[in-house]
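Trainee: My questions will all concern the structure given below.
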Amino acid sequence: AKDPKVIDGKAFAEGLRAKLARQVATLKEKHGFVPGLAVVLVGEDPASKVYVRNKGEQTKASGMASFEHKLDAATSQADLLALIDTLNKDPKVNGILCQLPVPKQIDPQAIIDAIDPDKDVDGFHVVNAGRLATGGKGLVPCTPYGCLLLLKDRLGDLAGKHAVVIGRSNIVGKPMAQLLLNESCTVTIAHSKTKDLPGEVRRADIVVAAVGRPEMVKGDWIKEGAVVIDVGINRIEKDGKGKLVGDVDYASCYPKASAITPVPGGVGPMTIALLLNNTLIAACRQHKVALPE
Ligand code: NDP
């Protein structure tokens with residue numbers, strides 16, 4: 001039997017993708033188009049290659065069109081910008097994503113800035129960050145968006161809850177804090193200069209750890225009954241074997257938490273599902289049709 005305390009992101013993401021596939025089928029039938037996602041990979045980073053392959057496969061599995069652009073590691077910034085410009089203008093492409101990191105001759109910020117905000121399915125463009133901060137209709141970064149859906153599924157209304165987000169990156173921590181604020185949580189953002197991290201975390205009804213430090217959050221930091229969301233993906237050596245662990249020390253936090261995401265199988269699988277969801281949203285907006293039920 002399934003442990004009800006464990007938040008099963010894998011199953012949740014599968015459910016989301018099944019719904020997406022139905023929505024895509026409806027769009028095709030009623031409006032004669034399918035959403036298209038272009039993924040650009042520059043170079044040979046092994047982790048990035050796996051991500052790009054998974055994104056392409058899941059895009060196709062949902063019935064959407066997948067456009068993969070694999071560029072040589074020596075590609076110039078000008079050539080990459082030219083490709084982005086072509087994709088911005090291509091009506092079949094509703095979402096554009098450039099897999100980060102990019103090789104060092106390319107400024108990642110210049111690439112993010114060049115993507116049409118309405119096709120920016122990663123939600124990293126300053127216009128989308130601004131829309132998230134000011135209540136506008138933008139595209140929301142996939143990983144924090146996935147965390148929010150898991151939290152709402154578990155807790156329902158989040159209003160008034162005290163949330164502590166550990167990490168303030170533009171791709172996870174900051175948008176996560178913004179999303180929780182939009183749900184009327186009281187939000188604390190902790191980072192490397194935070195004075196008493198365990199003390200801050202002890203006040204939290206909701207803990208989101210996005211730090212990049214293996215098993216940093218300990219059980220005695222967790223308030224009894226808190227919900228713990230672990231964004232971390234850290235590869236460590238244990239007993240001579242490679243192992244994937246989160247930013248949360250699962251063994252010690254599990255007994256204190258009312259619900260907790262495992263690594264792997266928690267937040268990780270949500271990210272691509274939300275990427276596809278963003279592509280669907282972007283496509284419907286570009287075609288000026290309502291999002292299918
Ligand atoms: P970054 O390295 O960009 O940000 C890490 C943040 O953690 C920074 O704000 C940093 O603070 C803070 N930090 C570092 N050390 C400490 C500390 N000792 N105490 C408190 N805060 C600290 O990482 P990302 O946000 O990109 O990613 C975070 C984690 O999430 C990583 O493990 C990454 O692999 C994972 N991840 C998972 C995804 C998924 O599930 N699909 C997607 C994206 C990321 P400061 O700002 O002061 O330096």
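Trainee: For the stretch 1-119, what does the alpha-carbon gyration tensor say about shape, rounded, prolate or oblate, given a ≥ b ≥ c as the root eigenvalues, a/c under 1.5 as rounded, and a/b over b/c as prolate?
Mentor: Oblate.
Trainee: State, to one decimal in nm, how far the label point of SER76 lies from the label point of LEU100, with both points 7 Å from Cα in the Cβ direction.
Mentor: It works out to 2.5 nm between the two label points.
Trainee: On a C-alpha basis, how far is the centre of the stretch 243-293 from the centre of the stretch 209-227 in Å? Whole number, if you could?
Mentor: 18
Trainee: Per DSSP H run of at least 4 residues, take -39500 (n - 2.57); add these up for the chain, divide by its residues and hand me the 222 nm value, nearest 500 deg cm²/dmol.
Mentor: Result for the chain, helices only: -13000 deg cm²/dmol.
Trainee: Evaluate E = 1/(1 + (r/R0)^6) for SER252 and ALA159, where r is the Cβ-Cβ distance and R0 equals 35 Å; express this FRET efficiency to the nearest 0.05.
Mentor: With R0 = 35 Å, the Cβ-Cβ based efficiency is 0.75.
Trainee: Here is a further query. Can you bin the stretch 74-131 into rounded, prolate or oblate? Criterion: square roots of the alpha carbon gyration tensor eigenvalues sorted a ≥ b ≥ c, rounded for a/c under 1.5, prolate for a/b above b/c, oblate for the rest.
Mentor: oblate
Trainee: Treating each Cα of the stretch 1-54 as an identical point scatterer and ignoring solvent, apply the Debye formula and state log10 I(q)/I(0) at q = 0.17, 0.21, 0.28 Å⁻¹.
Mentor: Per q value, in the given order, log10 I(q)/I(0) is -0.82, -0.90, -1.03.
Trainee: Quick check: from the Cα gyration tensor, does the stretch 236-278 come out rounded (a/c under 1.5), prolate or oblate? Before the final figure, lay out each step's value.
Mentor: Values: a/c = 4.26, a/b = 1.35, b/c = 3.15.
Since a/c reaches 1.5 but b/c is at least a/b, the shape of the stretch 236-278 is classed as oblate.
Trainee: Right, next: Just to be sure I understand: of the beta bridges DSSP finds with both ends in the chain, what percent are antiparallel, rounded to 5?
Mentor: Of the beta bridges lying entirely in the chain, close to 15 percent run antiparallel.
Trainee: May I pose another question? Between their Cα atoms, which of LYS49/LYS152; LYS19/LYS152; LYS19/LYS60; LYS28/LYS288; LYS55/LYS174; LYS195/LYS243 are more than 26 Å away from each other?
Mentor: LYS49/LYS152; LYS195/LYS243
Trainee: Size of the chain along its principal axes in angstrom, Cα-based, largest extent first?
Mentor: Extents along the principal axes: 52, 43, 40 Å.
Trainee: Related question: Modelled label-to-label distance, LYS19 and LYS243, 7 Å Cα→beta-carbon offset: nm?
Mentor: Rounded to a tenth, the inter-label distance reads 3.5 nm.
Trainee: Have a look at the stretch 157-266 and give its Rg and Dmax from the Cα atoms, expressed in angstrom.
Mentor: Spelled out, the Cα radius of gyration and Dmax of the stretch 157-266 are 13.4, 45 Å.
Trainee: Based on the Cβ-Cβ distance of GLN109 and ASN234, what FRET efficiency does E = 1/(1 + (r/R0)^6) give at R0 = 22 Å, to the nearest 0.05?
Mentor: 0.30
Bear in mind that the values in this text are calculations on the coordinates, not laboratory data. Treat the numbers as computed from the prediction; the structure is a model and nothing was measured. For neighbour counting, all protein chains shown are included, and Cβ atoms are generated from backbone atoms with ideal geometry for every residue, glycine included.
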